[in-house]
Amino acid sequence: MTEESSDVKFNYLFGLINLGVVFVIVWFLWYVFMNPDTVMKLYTPMYGFALIAVFVSGIILMANVVDCSRLYARIATSDNPILKGIILAIIAFLLMLVLNYIVFWGFLGKLGIAYFSPGSIVASGGTGAEPWAARENASTAILYFAQAWLWIALFWGVGFGRWPWQDAAYGVQVWSKIFAILFFVNIIYVILFHPHICYLFYPAQDKAGVAAWWEFSGTTSAFFGLGLALCCLFWILSSELLWEGYPWKKLERDGEGTFLKGFVTFFATLALGIITVYILTRIMNIFWDEAFIGGQYTDGPDFRYIHTGEICGFLILSTFILKNYFNNFPNLANVWARSVVRTVIAVVGGLLIYLFYYSPATTFFLAKVPGVAQPDDKPLVWTFLFLSIILIQSEFFDGWPLKRKQ
């Protein structure tokens, strides 16, 4: 996704119009699939949350890990971006169905870990083992796994790139990256999210998962890990999209990633994520006072942590909008100057999206619950849906119609 931008021949008005069209598409998809008062009503909210998180994960798998454009070029007889985009978008949709309903519900949930399958949860009996609650709990687990995948897969592309398989055949590169990423995804998931899922049930599955080690934060909810992951993801994506790969690019060798580059990138963005969580929670204390154990809504530590992730979700969305629809403005001569200015613009844009989301407008457009910190309101669902459409246009349609081959 990293490439240097230029102001030459870029039509910013057309970019704004394109963004408006994408917004309408997102609204239409929300109205059909997510709106709790219309057709599919998938926003329960965790069921819809899991589906769209898996959808975005599948797009990242195809675009960043498998490099579907390269694969498509090998087997396709036409380089028409419209045909290519439609085919790859359909594959991404089918991949979402396969991952959610076959891999998680039908395979892992039936043969390995019961909480990945609503049917297995219901069959196990006990408190809360009824169909709706079972689907919400299974969806929560799937969502967390998808978030762990997004974190590691996107980091891997920025930090390691093709290393250490850059000299291997395409197939070797793809399979090696998939299994390497999954190895670390499993570690992240088991440490940050699995303990929480085990304690969703009564009695708690304390032989399968330890008590939440992050209880020092004031909550046993995995919203702690979800918020941290998204705060780290903002810095990973900022360095890739806004900073053009810097400063980690300095650690490359012959234009390829290295172990040192990957190591430094991961721990530096992790440190930035932790700092971001700290700053955002301190700002929330100014507006809502200190959170406390047992606090409800804005007073709950669990809400404070997921809200840091939701804020960074808006910042990530703003980053993608600036990159894809406004040509990474401004394109100054000095890479450090343009990186700083772009980051400031992305942050301001994210705050404007925040204000829009919590305005009365979205109670009409999205049928969301009014106010902040409502249990049935998960802004990340809308954010991820918006991101999925941007990714489909930029990665599958090669930016068409905003970008066209000369």
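The values are calculated or read from the model by the stated rules, or taken from the named source; none is laboratory data. Keep in mind that this is a model prediction, so the values were computed, not measured. Methodologically, a virtual Cβ is constructed for each residue, glycine included, from the backbone with ideal geometry; neighbour enumeration extends over all protein chains shown. Only protein heavy atoms, including side chains, enter the accessible area calculation; ligands, DNA and RNA are left aside. Shrake-Rupley method; radii C 1.70, N 1.55, O 1.52, S 1.80 Å.
Which one, SER239, VAL264, PRO330, is farthest towards the positive end of the dipole of the chain when Lys and Arg carry +1 and Asp and Glu -1 on their Cβ?
PRO330
Have a look at VAL21, VAL185, VAL158 and tell me which one the Gaussian network model of the chain (Cα, springs below 10 Å) gives the largest fluctuation.
Ranking VAL21, VAL185, VAL158 by mean-square fluctuation puts VAL21 first.
Please calculate how many Å² of accessible area the stretch 123-177 carries per residue, with a 1.4 Å probe and no DNA, RNA or ligand atoms counted.
Values: 2060 Å² over 55 residues.
Ligands and nucleic acids excluded, the figure is 37 Å² per residue.
Under 13 Å between C-alpha atoms is the cut-off here; go through the chain and count lysine pairs that meet it, provided they're at least eight residues apart or on different chains.
Numbers: LYS9/LYS403; LYS9/LYS405; LYS41/LYS368; LYS249/LYS261; LYS250/LYS261; LYS323/LYS403; LYS368/LYS378.
Here the count comes out as 7.
In debye, nearest 20: dipole of the chain around its Cα centre with unit charges on the Cβ of K, R (+) and D, E (-)? Intermediate results must be reported in sequence, preceding the final value.
Details: 24 positive and 25 negative charges, 168 e Å.
For the chain, the charge dipole is close to 800 debye.
Per the 1.4 Å probe, what fraction of the accessible area of the chain, in percent, lies on carbon and sulfur atoms? Numbers along the way, then the final one.
On the way: 12890 of 18520 Å².
So the carbon and sulfur contribution to the accessible surface is 70 percent.
In the chain, once you exclude exposed GluC sites (Glu not before Pro) (DSSP loop, at most 13 other Cβ within 10 angstrom), what's the longest stretch remaining?
The longest such stretch corresponds to 5-289.
Do you know the relative contact order of the stretch 172-317, to the nearest whole percent, from alpha carbon pairs under 8 angstrom that are 6+ apart?
Numbers: 140 pairs, mean separation 39.1, N = 146.
RCO, the stretch 172-317: 27 percent.
Is the shape of the stretch 31-161 best called rounded, prolate or oblate, per the rule: a/c under 1.5 gives rounded, else a/b larger than b/c gives prolate, else oblate, with a ≥ b ≥ c the square roots of the Cα gyration tensor eigenvalues?
prolate
Can you tell me the dipole magnitude for the stretch 139-279 around its Cα centre, using point charges on the Cβ only (Lys, Arg +1; Asp, Glu -1), in Debye to the nearest 20?
80
Taking the solvent-accessible surface of protein heavy atoms with a 1.4 Å probe, what is the per residue accessible area of the stretch 186-248 in Å²? Kindly include the intermediate steps, with their values, before the conclusion.
Working: 2410 Å² over 63 residues.
Heavy-atom SASA per residue in the stretch 186-248 reads 38 Å².
Could you tell me whether the stretch 319-406 comes out rounded, prolate or oblate from its Cα gyration tensor? Rule is a ≥ b ≥ c as square roots of the eigenvalues, rounded for a/c under 1.5, then prolate if a/b exceeds b/c, otherwise oblate.
Values: a/c = 3.08, a/b = 1.56, b/c = 1.98.
Because a/c hits 1.5 or more and a/b fails to exceed b/c, the stretch 319-406 counts as oblate.
Which whole-number percent is the relative contact order of the chain (Cα, under 8 Å, 6+ apart)?
Details: 535 pairs, mean separation 93.7, N = 406.
After rounding, I find 23 percent.
When only C-alpha pairs under 8 Å and at least 6 residues apart count, what is the relative contact order of the stretch 248-406, in percent?
Relative contact order of the stretch 248-406: 18 percent.
So how far apart, in nm, are the two label points at GLN166 and ILE275 if each is 7 Å from Cα heading toward Cβ?
With each label placed 7 Å out from Cα toward Cβ, I get 2.8 nm.
To test your reading of the geometry: what angle, between 0 and 90 degrees and rounded to tens, separates the Cα axis of helix 81-97 from the longest principal axis of the chain?
Computed tilt is about 20 degrees.
Between the stretch 191-259 and the stretch 158-173, what's the alpha-carbon centroid distance in Å?
24
Measuring with a 1.4 Å probe in the full set of protein chains, what accessible area per residue, in whole Å², belongs to the stretch 252-406?
Numbers: 7120 Å² over 155 residues.
For the stretch 252-406, the solvent-accessible area averages 46 Å² per residue.
Of the listed peptides 261-273, 143-155, what is their order by residue-averaged count of other C-beta atoms within 10 Å, with the highest listed first?
Peptide ranking by packing, descending: 143-155, 261-273.
Have a look at the chain and give its Rg and Dmax from the Cα atoms, expressed in angstrom.
For the chain, the Cα-based Rg and Dmax read 20.9, 64 Å.
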